[in-house]
Amino acid sequence: MTFLIAALTLGGMQVTKRMTLPIIPEPVSIRYEDGHFTLGPKTTISAPSELASLAEMLKEDIGPAFGFDLPIVNHGDSDSIHLTLDKKLARLGVEGYTLRVHAHRIEISAPETAGVFYGIQTLRQLLPTESFRKDKTENVAWTVPCARIEDYPRFGWRGMHIDASRHFMPKEFILKYIDLIALHKMNVLHFHLTDDQGWRIEIKKYPKLTSVGGWRKESMAGHYGEHRFDGVPHGGFYTQEDIKEIVRYAHDRFVKVVPEIEMPGHAQAAIAAYPELGNTGKPLDVFTEWGVDENVFNVDDSTIHFLQDVLTEVVGLFPSEFIHVGGDECPKTQWKASPEAQARIKALGLKDENELQSWFIHQMDTFLASKGRRLVGWDEILEGGLAPGATVMSWQGEEGGVAAAKAGHDVVMTPAQYTYFDHYQTQDHKAEGLTIGGYLPLRRVYGYEPVPKELNAEEAKHVLGAQGQLWTEYIPNPKRLEFMGFPRTCALSEVLWTPKKERDYDQFLSRLSVHLERLTALDVNYCPLGLPK
Ligand code: ACM
């Protein structure tokens with residue numbers, strides 16, 4: 001990648017502008033050509049009716065900084081940005097596109113609408129970085145270098161996870177986060193909605209899940225084990241109307257929202273709301289500590305039905321094929337001590353509590369399959385036997401993913417050592433501020449290879465992709481979440497989109513230095529520490 005520097009004259013002012021701008025994630029193929037297209041007061045966006053909403057989105061994205069009208073027309077000729085669907089490009093897949101920049105017109109063509117959307121994201125990055133601003137920019141050359149780009153993703157699951165339970169994140173921020181994911185051509189938002197410390201989704205049949213389970217009296221301060229608390233109540237939840245808005249907003253940007261409803265562990269907020277869901281019958285508060293909690297769901301029929309009722313509402317709200325049921329970190333102490341749990345083990349002829357957990361997840365797998373959905377869970381769902389339809393998120397390293405893929409199950413790679421963005425990103429903990437621990441610098445994210453080497457070509461087809469995790473025990477607000485998420489999300493987007501052979505860390509860094517100007521324009525509080533000066 002070369003940056004051509006050109007001196008342009010604009011309104012009598014000398015403006016220095018890079019003519020060739022870096023794109024993240026790096027496209028499959030780019031050929032720059034002589035010349036450039038210039039956006040001006042007469043430029044239009046031309047789109048058939050089925051692409052009108054994408055044309056509108058492009059206009060909204062760049063319009064405020066551009067300042068001219070950019071009218072949307074059916075048949076623009078020259079001086080137009082053309083959006084077109086072209087089934088002849090089917091070889092590029094459902095998310096692929098071509099982008100041709102000629103001196104007098106720009107063409108984004110794709111076999112499906114998703115590809116047009118990704119072509120638009122690339123075009124935005126060929127425009128001056130100021131085009132990301134929300135105010136009118138002066139003395140900026142609105143030029144796009146002539147180029148031929150052909151592009152499509154390496155993986156189908158390009159995800160980011162957000163934990164809205166440990167700290168509630170306002171709806172407006174979730175929408176911004178979706179915009180940021182989509183800009184990086186990522187297409188899954190894994191929405192962690194329930195946990196010990198807070199239940200964040202309105203369930204009409206069980207209102208106490210949010211009226212009680214959505215609020216805790218304080219939060220743990222400092223590191224786990226210090227036993228300090230902040231004394232500040234915390235809570236919030238998304239109404240079903242909020243969820244519908246989030247899902248619709250994401251859908252318009254080709255992001256699937258995969259909801260996570262945790263079970264059988266990470267259940268204390270729900271048990272605080274409905275104590276009959278627990279094993280001890282004792283009233284509990286919503287959990288105020290971080291870490292793994294012993295209060296897990298009991299295995300009574302009524303609890304299974306309660307959770308299936310919850311899933312019925314969840315399925316009604318989220319069109320996602322995948323529904324996440326957690327499955328991680330479920331201590332077995334209470335089941336060991338519970339006569340009901342032991343009787344269930346005996347009645348089902350199970351070996352132990354691990355098989356009981358597997359039975360529990362199996363109930364949800366069958367239920368979700370009956371609704372035409374697929375269950376996904378963290379890799380502990382392998383313990384005691386994997387439910388037949390289950391997809392596995394491999395977080396405790398790569399082993400779970402390898403085992404699941406070898407057994408013919410789909411997997412999403414989420415190993416903590418490469419994809420947990422709640423870990424420190426530098427060695428300077430003082431400057432970075434408190435995090436949960438660990439160390440995951442940008443270079444390590446960039447170097448991650450989602451297909452474990454233990455898999456042969458056939459097994460590797462089960463690796464749907466990977467995703468970054470943002471657990472929020474130590475991420476109390478959106479600005480901190482942006483700090484932890486960026487620029488590591490930029491690196492992961494390239495891992496998931498760009499062909500492996502095209503990845504080059506030094507070259508990524510030089511592109512990133514310009515990309516950060518876009519993040520600044522978008523008011524993203526990225527972490528500047530650890531980046532080359
Ligand atoms: C997890 O980090 N407990 C999935």
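The values are calculated or read from the model by the stated rules, or taken from the named source; none is laboratory data. As the structure is a prediction and not an experimental result, all values here were calculated from the model. Methodologically, a virtual Cβ is constructed for each residue, glycine included, from the backbone with ideal geometry; neighbour enumeration extends over all protein chains shown. Keep in mind that these areas ignore ligands, DNA and RNA; they rest on the heavy atoms of the full protein, side chains included. Shrake-Rupley method; radii C 1.70, N 1.55, O 1.52, S 1.80 Å.
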Report the residues of region 50-72 in range of a label on His102: point 7 Å along Cα→C-beta, backbone N strictly under 17 Å from it.
none
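Rounded to the nearest 500, what is the 222 nm mean residue ellipticity of the chain from helices alone, with -39500 (n - 2.57) per DSSP H run of 4+ residues and division by all residues? Could you put the intermediate results ahead of the total?
On the way: 18 runs with 175 residues, N = 533.
Computed ellipticity for the chain at 222 nm equals -9500 deg cm²/dmol.
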Pop a pseudo-label 7 angstrom from the Cα along the beta-carbon direction at both Glu458 and Lys217 and give the gap in nm to one decimal.
5.9
If we sort 30-37, 515-522 on the protection proxy, mean other Cβ atoms within 10 Å, highest first, what's the order?
515-522, 30-37
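Taking 0.36 nm per residue of separation and subtracting the Cα-Cα distance, what length does fully extending Ser370 through Tyr224 add? Could you put the intermediate results ahead of the total?
Details: separation 146, 0.36 × 146 = 52.56 nm, distance 4.09 nm.
So the chain would gain 48.5 nm between Ser370 and Tyr224.
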On a full-extension model of 0.36 nm per residue, what is the gain between Glu50 and Asp309, subtracting their alpha-carbon distance, rounded to one decimal in nm?
89.5 nm
Helix 488-497 sits off the longest principal axis of the Cα atoms of the chain, rounded to the nearest 10 on a 0 to 90 degree scale, by 80
If one takes the longest principal axis of the Cα atoms in the chain, at what angle in degrees, from 0 to 90 and to the nearest 10, does the Cα axis of helix 339-348 lie?
80
antiparallel share of DSSP beta bridges within the chain, to nearest 5, in %, is 40
Options Thr280, Thr333, Val376, ranked by Cα towards positive dipole end of region 261-376, top entry (Cβ charges)
Val376
Please give the Cα centre distance for region 27-75 versus region 360-375, rounded to the nearest Å.
44
Lysines with Cα under 16 Å of Lys461, excluding same-chain neighbours fewer than 8 positions away:
Lys406, Lys453, Lys500
Highest mean first, how do 72-80, 362-370, 241-249 rank when packing is the count of other Cβ atoms within 10 Å averaged over residues?
362-370, 241-249, 72-80
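Calculate, for Asn477 and Asp285, the FRET efficiency according to 1/(1 + (r/R0)^6) with r their C-beta to C-beta distance and R0 25 Å; round to the nearest 0.05. Intermediate values should be presented prior to the final figure.
On the way: r = 23 Å, r/R0 = 0.92.
That gives a FRET efficiency of 0.60.
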Rolling a 1.4 angstrom probe over the protein heavy atoms, how many square angstrom per residue are accessible across the chain?
38
For Lys204, the lysines lying under 16 Å Cα to Cα, once residues fewer than eight places off in the same chain are dropped, come out as Lys244
If you average the alpha carbon positions of region 195-269 and of region 130-167, how far apart do those two centres end up, in angstrom?
29
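Based on the mean of other beta carbon atoms within 10 Å per residue, what is the order of 484-491, 140-147, 323-330, 443-450, most packed first? Working shown, then result.
Numbers: 484-491: 25.6, 140-147: 20.1, 323-330: 23.8, 443-450: 18.2.
Highest to lowest by the protection proxy: 484-491, 323-330, 140-147, 443-450.
Stretch Ala347-Asp506 to full length: gain in nm at 0.36 nm per residue minus the Cα-Cα span?
Values: separation 159, 0.36 × 159 = 57.24 nm, distance 5.99 nm.
Roughly 51.3 nm would be gained on extension.
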Sequence-distant aspartates and glutamates (8 or more away, or on other chains) whose Cα lies within less than 14 Å of Lys479:
Glu172, Asp422, Glu432, Asp523
Going 7 Å from the Cα of Arg444 toward and past its Cβ, which residues in region 384-416 have a backbone nitrogen under 11 Å from where you end up?
416
Pairs of Cα atoms under 8 Å, at least six residues apart: use those to get the relative contact order of region 412-498, whole percent.
38
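At R0 = 41 Å, how high is the FRET efficiency between Lys87 and Asn139 if r is their beta carbon distance? Nearest 0.05 is fine.
After rounding to 0.05, the efficiency reads 0.45.
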Tell me the Kirkwood radius of the chain: reciprocal of the mean inverse pair distance over distinct alpha-carbon atoms, in Å.
24.5
Tilt relative to the chain, helix 52-66 - C-alpha long axis, 0 to 90 degrees, to 10
70
So for the pair Asp523, Gln427, with labels modelled 7 Å out along Cα→Cβ, what separation do we get in nm?
3.7
Between Val514 and Lys244, what is the spin-label point distance in nm, taking each point 7 Å from the Cα along the Cα→C-beta axis?
4.3
